[in-house]
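Q: Have a look at this one.
The values are calculated or read from the model by the stated rules, or taken from the named source; none is laboratory data. The structure presented is a predicted model; accordingly, all values stated were derived computationally and were not measured. Cβ: placed from backbone, ideal geometry, glycine included. Neighbour counts: every protein chain shown. What goes into the accessible areas is simple: the full protein's heavy atoms, side chains included, and nothing from ligands, DNA or RNA. Shrake-Rupley method; radii C 1.70, N 1.55, O 1.52, S 1.80 Å.
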Amino acid sequence: MLILIKIQVLDYKYGGGGGIDFNNSVAGTLDVGNSEDFPLSMNFSVADARNLNSRTGTYSKTFKIPATKNNNRILKYAYYEGYKLDNNTISNQKKCRIEVDDTLFIEGLIQVTAIGKSREPKYYSCVFY
């Protein structure tokens, strides 16, 4: 069964009432393919089993996304060595949310940890926190 996975990079916009306008807060949706091309594995860690709110960390295994024109634009051309836009560096964590079949799965941060390239970028290695 094919499952549609979306990673939406967020840039929170606030509405007139002071709350977050989630519909207008998506900076872009990363091209990740489908569930067969994109195996997302999450690790949840709990410090105290009697208190589930005491999680010590949630993170994913490293995964790769292709360096498409769309992904390069959303990640603000992080593959250019020495290039900075709005303090964008490869190690910056970006707010995001992951949707599975158009249903919100989890919100957190995405971080590019490496870029696979020869002359041009081929892929981004990422971790979700």
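Q: Taking amide H positions as placed 1.01 Å from N in the peptide plane, with prolines and chain starts having none, which residues 5 or more places from TYR123, or on another chain, fall under 5 Å of its amide H?
A: Hits under the 5 Å cutoff: ALA67, GLY116.
Q: Still on this structure: With label points built 7 Å along Cα→Cβ from the Cα atoms of LYS122 and ASP21, find their separation and express it in nm.
A: Those two pseudo-labels are separated by 4.2 nm.
Q: At R0 = 25 Å, how high is the FRET efficiency between SER41 and TYR14 if r is their beta carbon distance? Nearest 0.05 is fine.
A: Efficiency at R0 = 25 Å is approximately 0.15.
Q: Here's another thing I want to ask about it. If you count only protein heavy atoms and use a 1.4 Å probe, how large is the accessible surface of PHE105, to the nearest 10 Å²?
A: Surface accessible to solvent at PHE105 totals approximately 110 Å².
Q: Once phi is turned into θ = phi - 60°, what whole-Hz ³J(HN,Hα) does the Karplus curve with 6.51, -1.76 and 1.60 give for every residue of segment 117-128, x standing for Gly and Pro?
A: Whole-Hz 3J(HN,Hα) from phi for segment 117-128: 7, 10, 8, 10, x, 9, 7, 10, 8, 10, 10, 9.
Q: Can you list residues from other chains, or at least 5 along the same chain, whose modelled amide H is less than 5 Å from the amide H of ASP31?
A: Excluding prolines and chain starts, which carry no amide H, the hits are ASN71.
Q: Under 5 Å between amide hydrogens, which residues at least 5 positions from ILE106 or on another chain qualify, with H placed 1.01 Å from N in the peptide plane?
A: Close amide H contacts, sequence-distant or interchain: ILE98.
Q: If each of PHE105 and ARG73 carries a label point 7 Å out from its Cα toward its Cβ, how far apart are those two points in nm?
A: Simple spin-label model gives 2.4 nm for this pair.
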